[in-house]
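The values are calculated or read from the model by the stated rules, or taken from the named source; none is laboratory data. Everything quoted here is computed from the prediction, not taken from an experiment. So basically every Cβ, Gly included, is an ideal-geometry build from the backbone, and we count neighbours across all protein chains shown. Accessible surface areas use protein heavy atoms only, side chains included; no ligands, DNA or RNA. Shrake-Rupley method; radii C 1.70, N 1.55, O 1.52, S 1.80 Å.
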Amino acid sequence: MAGGNSSLTPAPGCLYVVATPIGNLSDISERARSILEKVDLIACEDTRTTGALLLKLGLKNKLVSHHERNEKESSAGIVARLLGGESVGLVSDAGTPCISDPGFRLVRECRRQGIPVSPIPGPTAATALLSVSGLPSNGFLFVGFLPPKKSARQRFLQEKKAFEYSIILYESCHRIEKMLDDILTILGSSRQVCVGRELTKKFETIITGPIGEVVDRLSRSSKKGEFVVIIAPETYEL
Ligand code: SAM
């Protein structure tokens, strides 16, 4: 079922999955702005973060909390409001909801109940980096965050050693060095990678090359902020 997807005005009873900036406020789209202003309700990961975003955009709207820990219970309330004819915008703290962020359970429940769900597409860190990486982009595997345990991370990398497409991973500043060390250990120093830090922000940094060199260069630069890592297929050569 379609869901008012050509309009700047929300359709009654429709859930809009709205992408918001991953750092640069100007990356908000005209449709995102309009839908966030006009929906009856915004379901968001953190009401303070989304409240601050709305303030910067000069918008006002009602917010309800919808995060990983209450997603199951809060989905029921949101679905009831959608069935009652209200329009709802779903946002996460940054980027596209459901992409390593809450939202999947709510969207699945809407699909089960025949409630229209419409995308308001925009930034996502994974494809932002892929588009500038120069690594093969004909197909890719997006994994989000690898497991925090070293043994599980290394097992994943071992299993995917000969994977034929690029692999995109998310990582926090706390674990980035450990994760890159695992890539070096398991995939070897000549595997091509691209590391993106603080994309669209003031200190945006993009480093590409063999993992051995990238680890070396990164050891001499700041590790603060958010990271995306892309691993090229084994067969890829510059
Ligand atoms: N929903 C988001 C998206 O669409 O990209 C991802 C949310 S996830 C909880 C947060 C992770 O995304 C960060 O730890 C980092 O790996 C990645 N990320 C988000 N914004 C980023 C940015 N501006 N630069 C680099 N990585 C970013």
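Every test in (1) more than 16 Å from the ligand (Cβ to nearest atom); (2) closer than 27 Å to Gly122 by Cα; (3) β-branched (Val, Ile, Thr) is passed by Ile211 save one, and that test is (2).
For region 173-190, taking the residues that are without any contact (Cβ under 8 Å) to a residue 40 or more places away in the chain and of a type in the set (Val, Ile, Thr), the one that is surrounded by the most Cβ atoms within 10 Å (Cβ to Cβ) is identified as Ile186.
Please enumerate the residues belonging to region 66-79 that are more than 16 Å from the ligand (Cβ to nearest atom) and either on the phi > 0 side of the Ramachandran plot or open to solvent by 50 Å² or more (accessible area, probe 1.4 Å) (or both).
Across region 66-79, the qualifying residues are Lys72, Glu73, Ala76.
At least 3 residues being of a type in the set (A, V, I, L, M, F, W, C) and within 21 Å of the chain's Cα centre (by Cα) is the threshold, and among the strands (runs of 3 or more DSSP E) wholly inside region 1-66 those reaching it are 15-18, 41-44. Taken together, the criteria place Thr124 among residues that are under 30 Å from Lys72 (Cβ atoms) and either within 20 Å of the chain's Cα centre (by Cα) or surrounded by 14 or more Cβ atoms within 10 Å (Cβ to Cβ) (or both). When region 214-238 is filtered for residues that are within 14 Å of the ligand (Cβ to nearest atom), assigned to a helix (DSSP H, G or I) and free of Cβ contacts under 8 Å to residues at least 40 places away in the same chain, nothing remains. Every listed requirement among (1) under 19 Å from Pro233 (Cβ atoms); (2) crowded, with 17+ Cβ neighbours inside 10 Å; (3) of a type in the set (Phe, Trp, Tyr) is met by Tyr170 save one, (1). Residue-level analysis places Leu141 outside the set of residues that are at negative phi and crowded, with 17+ Cβ neighbours inside 10 Å. Evaluating Val193 against the criteria (1) part of a strand (DSSP E or B); (2) open to solvent by 20 Å² or more (accessible area, probe 1.4 Å) leaves one unmet condition, (2). Among all residues of region 20-29, there is at least one that is of a type in the set (A, V, I, L, M), within 13 Å of the ligand (Cβ to nearest atom) and in contact with a Pro (Cβ under 6 Å, 6 or more places away or on another chain).
Okay, residues lined up against (1) buried (at least 20 other Cβ atoms within 10 Å of the Cβ); (2) closer than 25 Å to Phe145 by Cα:
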site: Leu41; (1), (2): no, no
site: Ala52; (1), (2): no, no
site: Arg81; (1), (2): no, no
site: Gly95; (1), (2): yes, yes
site: Glu109; (1), (2): no, yes
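Only one of these conditions is not met by Arg69: (1) closer than 18 Å to Gly95 by Cβ; (2) out of contact with any Leu (no Cβ under 9 Å at 6 or more places or on another chain). Which number is it? Just one mismatch for Arg69, condition (1).
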